[in-house]
Amino acid sequence: MIKKIFFILFEISLLILNASASENFVTDITYDLSEGTFLNTAVTNPESRNVRQIVMEEKGIDSLENFPISTTGCYRNVTSPNGEYLATKFEMYKSANILYEIHASGMLPFRVAFSPDSSMFVIPEEKNVVDNNGTGRKLIGFEVRSSETGKRINEFFFDLYTEGVYPQEMYKNNLVQLYWSADGSSIIADYVHKEYAVEYDPAAELSYIKCDIDYSALSHNETMSNETVYSGPSSVEIEDINSNINSSQTSEPPAQEASSAPGFSVTLAGLSIVIVARKHCRK
């Protein structure tokens, strides 16, 4: 009986530990990834590498400085690496049969980026927040979803604000395309930034962001984490408009600390349970 109790408690501790460790699947962020490094990184959706050229041609843009803040209208289908899934503008197909409709906050030319094993895909997402000045802002990021069910597995938001309802700074950020590295180790975002002013027409700035991820933890996580990770260069107190839960951003990516601390706490809690159980059994 005692051995059975210990076994059950040990299994529960492992389950909680694994769930906590998978909450924060982004382990590091590079906000200034060079174009050369990006072009030398093998991705699961290589056909979308020329997305900037596609957008410029279809929207009649003559230079990157005039790149549009929105790429709506330049849609392409995306096939998973194993050839089993096909993501169109609004649907996901498997073996030519529709599985479900795709719902997301943003529209990318190549709708999704599949994981190397085709079991997951990444898609854009947005989140409304309030900064410490009481100004509404919108964060951009991405969700990881199951290819088979379309259910959300996890999410991540960059420290890139877009202007809110009452903007104090006239600027916009928007995703141009998402990529998943062929080795599964990172998710890369191509995004455009513009700052507006009355006296001039803003030039577009295009950049790449690389998120290093724990692919193993992500692929074994079947439910969305309870904790959203924020990471970036600025320090801003923000409040999620939807949930009214305060969260803070720090100057260093918090993903590694956030993923280790909960697991350590859970381990201590599990040991405490075991100790209490042993004392109870001795009595």
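Within segment 31-227, the percentage of alpha carbon pairs spaced more than 21 angstrom apart rounds to 53%. Computed from the Cβ-Cβ distance with R0 of 41 Å, the FRET efficiency linking Thr135 to Thr88 stands at 0.65.
Could you order the peptides 97-106, 201-210 from most to least packed, using the average number of other C-beta atoms within 10 Å per residue? Kindly include the intermediate steps, with their values, before the conclusion.
Numbers: 97-106: 13.1, 201-210: 16.6.
For the peptides 97-106, 201-210, the packing ranking is 201-210, 97-106.
Using a 1.4 Å probe on the protein chains only, how many percent of the accessible area of segment 31-227 belongs to carbon and sulfur? Reported share for carbon and sulfur atoms: 46 percent.
Please give the peptides 88-94, 140-146 ranked by average Cβ packing (other Cβ atoms within 10 Å per residue), highest first, as a rough proxy for protection. Please report the intermediate quantities before stating the final value.
On the way: 88-94: 15.0, 140-146: 21.6.
Result, highest mean Cβ count within 10 Å first: 140-146, 88-94.
Annotation: extensible slack from Ser105 through Glu57 equals 14.8 nm (criterion: 0.36 nm per residue apart, minus Cα-Cα distance). Label positions at Ser70 and Glu35, each projected 7 Å from the Cα along the C-beta direction, are separated by 2.6 nm. Of the listed pairs Lys94/Lys127; Lys172/Lys210; Lys151/Lys194; Lys59/Lys210, which have alpha-carbon separations greater than 23 Å here? Among Lys94/Lys127; Lys172/Lys210; Lys151/Lys194; Lys59/Lys210, the Cα-Cα distance tops 23 Å for Lys94/Lys127; Lys151/Lys194; Lys59/Lys210.
Between Glu148 and Thr162, what is 0.36 nm times their sequence separation minus the Cα-Cα distance? Round to one decimal in nm.
Working: separation 14, 0.36 × 14 = 5.04 nm, distance 3.20 nm.
Stretched out fully, the Glu148 to Thr162 stretch lengthens by 1.8 nm.
Over segment 31-227, accessible surface divided per residue gives 46 Å², non-protein components excluded, 1.4 Å probe. Peptides 150-159, 32-41, 45-54 ordered by packing proxy, namely the average of other Cβ atoms within 10 Å per residue, highest first: 150-159, 45-54, 32-41.
The values are calculated or read from the model by the stated rules, or taken from the named source; none is laboratory data. It should be emphasised that the depicted structure is a prediction, and the values quoted were computed from it without experimental measurement. Please note: Cβ atoms are built from the backbone with ideal geometry, for glycine as well, and neighbour counts cover all protein chains shown. Please note that ligands, DNA and RNA were not included when accessible areas were found on the heavy atoms of the full protein model with its side chains. Shrake-Rupley method; radii C 1.70, N 1.55, O 1.52, S 1.80 Å.
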